[in-house]
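Below: one structure, written as structure tokens.
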Amino acid sequence: MRHAQSLKEGLQLTLKYRHVFYFIFFVFSLAVLLACSNGDTSGRTKSGPGFLAKVQTDSLLQIVLSFSLEELITHREDEEKIKANLTLAGTSMPVRLASRGITRKKICTFPPLHLHLPDSLTTRWGPYKKYKIVTHCDQQDTTNELVLKEYLVYKLYRVLTPFAFEVQLSRIRYETEQDHFSRYGFLIEDDDEMASRVGGTIMKNENSDIQQIRKEAYQTMVLFQYMVGNTDWNLSQRHNIKFITLSDESLPIPVPYDFDYCGLVNAPYAVPYPSLPIKKVRDRFWQYRGRPTDDLSSTVNLFLEKKSEIFRIINEFHWLTGEHRDEVALYLHSFFDLVEQEDSISKIMAKGG
């Protein structure tokens, strides 16, 4: 009897405080949702112009970066962010810098950089936070020929397709505890900023298998890589390629980047992969993964239609010396001399290289 009474009282107590349990559970669930929404935003769609779009100009962008060079070099390998100040048009703002890259980070006396913008600058500079800075490799090199040539490669690809990274050529003054010096460099559009500009989103899952891609975009990219002599890319491994998807397009679009190993740039440290049947990066090699019978005539026609604009951009790029502009133009003329021949691409595809 006493046991039954205890059970009855326990049941009444449970019913009495059940609403308290539900309230606590609701508050806890709400807190979890809010924490998630304030955390990783990689799945959210960002929109609107970002930092690069707002500072973009046809002339040189003048930038001052103040930071500890010793601290940057100390964290060269682990890529830890360090405190820095960015001065633009007389306005100084706190930012973070980090080294980046693979080969250049190891062999260059001055590593490539990531520029990280803080949340406090979102209202003024847009929602995108991470920008690559392509820097000089050799601290003793004052001409920055390699930087300027790689910048040109990005600009030429943008002539052919909107599915390309925007870049901004800059004259960067580095103010460190050791020295003050100025070099050419360029900013590369944030990944999400690029995707938003073309009405798409970046495919975030680096491990997802790409079974199919948008054919005309792929053909444009492959022919461009052949034109500039770049074999330092791989679709399946997503090496030096980002993929974007459009809202009305199920197939992903490849967007290439990182062209310092291409023949047009001809960096002294650049060598082809040992598995490739070429001895130097100036040798072009066809890396198409479609069928040998695929028709690329419309892609070739696109390049021929843009030929005059491509050479105009090269000829008017006065930051590069006349000698180096001629060198770039000569290398590209050899490509156009080839593709202007009848069935030239079909023959290249037939022999596979």
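The values are calculated or read from the model by the stated rules, or taken from the named source; none is laboratory data. Since the structure is predicted, the reported quantities are computational estimates derived from the model, not experimental observations. Every residue, glycine among them, receives a Cβ derived from its backbone with ideal geometry; neighbour counts consider all protein chains shown.
For region 221-257, which positions are among the polar types (S, T, N, Q), farther than 22 Å from residue 190 by Cα and modelled with pLDDT of 95 or more?
Applying the first criterion (among the polar types (S, T, N, Q)) to region 221-257 yields 225, 230-231, 234, 236-237, 240, 245, 247, 250.
After this cut, where a residue has to be farther than 22 Å from residue 190 by Cα as well, the list is 230-231, 236, 250.
Of everything in region 221-257, those that are among the polar types (S, T, N, Q), farther than 22 Å from residue 190 by Cα and modelled with pLDDT of 95 or more turn out to be 230, 231.
Given region 48-131, what strands (runs of 3 or more DSSP E) lie entirely inside it while holding 2 or more residues that are under 19 Å from the mean Cα position of the chain (by Cα)? Working first, answer last.
Working: elements: 61-67, 82-88, 91-99, 113-116.
Per the criteria, 91-99, 113-116.
Show the residue pairs that are 6+ apart or on different chains and have beta-carbon atoms under 9 Å apart, the first residue being within region 284-299 and touching a residue at least 12 places away in the same chain (Cβ under 8 Å) and surrounded by 14 or more Cβ atoms within 10 Å (Cβ to Cβ), the second being β-branched (Val, Ile, Thr) and assigned to a loop (DSSP other than H, G, I, E, B).
As it stands, the answer is 284/231; 284/278; 285/231; 285/278; 287/231, since those pairs meet every condition given.
Within region 286-305, does at least one residue satisfy the condition of being aliphatic (A, V, I, L, M), farther than 22 Å from residue 191 by Cβ, touching a Gly at 6+ places or on another chain (Cβ under 8 Å) and not in a helix (DSSP H, G or I)?
Going residue by residue through region 286-305, those that are aliphatic (A, V, I, L, M) are 296, 300, 302, 304.
This time we only want the ones that are farther than 22 Å from residue 191 by Cβ, so: 296, 300, 302, 304.
Imposing the further condition that a residue be touching a Gly at 6+ places or on another chain (Cβ under 8 Å) reduces the set to none.
Checking region 286-305: not a single residue is aliphatic (A, V, I, L, M), farther than 22 Å from residue 191 by Cβ, touching a Gly at 6+ places or on another chain (Cβ under 8 Å) and not in a helix (DSSP H, G or I).
For region 118-140, which residues satisfy the criterion of being touching a helix residue (DSSP H, G or I) at 6+ places or on another chain (Cβ under 9 Å) and among the charged types (D, E, K, R)? Reasoning before the result, please.
Narrowing region 118-140 to residues touching a helix residue (DSSP H, G or I) at 6+ places or on another chain (Cβ under 9 Å): 121, 124-131, 134-138.
The answer is 124, 129, 130, 138.
What number of residues within region 180-211 satisfy the criterion of being in contact (Cβ under 8 Å) with a residue 40 or more places away in the chain and assigned to a loop (DSSP other than H, G, I, E, B)?
7
Just give me the residues in region 83-100 being closer than 15 Å to residue 129 by Cα and either in contact with a His (Cβ under 9 Å, 6 or more places away or on another chain) or of a type in the set (A, V, I, L, M) (or both), in sequence order.
Scanning region 83-100 gives 84, 86, 93, 95, 96, 97, 98.
Just a yes or no: is a residue in region 281-304 over 22 Å from the mean Cα position of the chain (by Cα), aliphatic (A, V, I, L, M) and over 18 Å from residue 224 (Cα atoms)?
no
Can you confirm whether region 163-179 contains a residue that is in the same structural domain as residue 63 (by TED's automatic domain parsing) and in contact with a Pro (Cβ under 7 Å, 6 or more places away or on another chain)? Before the answer, list the steps.
Just the residues of region 163-179 that are in the same structural domain as residue 63 (by TED's automatic domain parsing), to begin with: 163-179.
Next, only the ones that are in contact with a Pro (Cβ under 7 Å, 6 or more places away or on another chain) stay: none.
No - not one qualifying residue is present in region 163-179.
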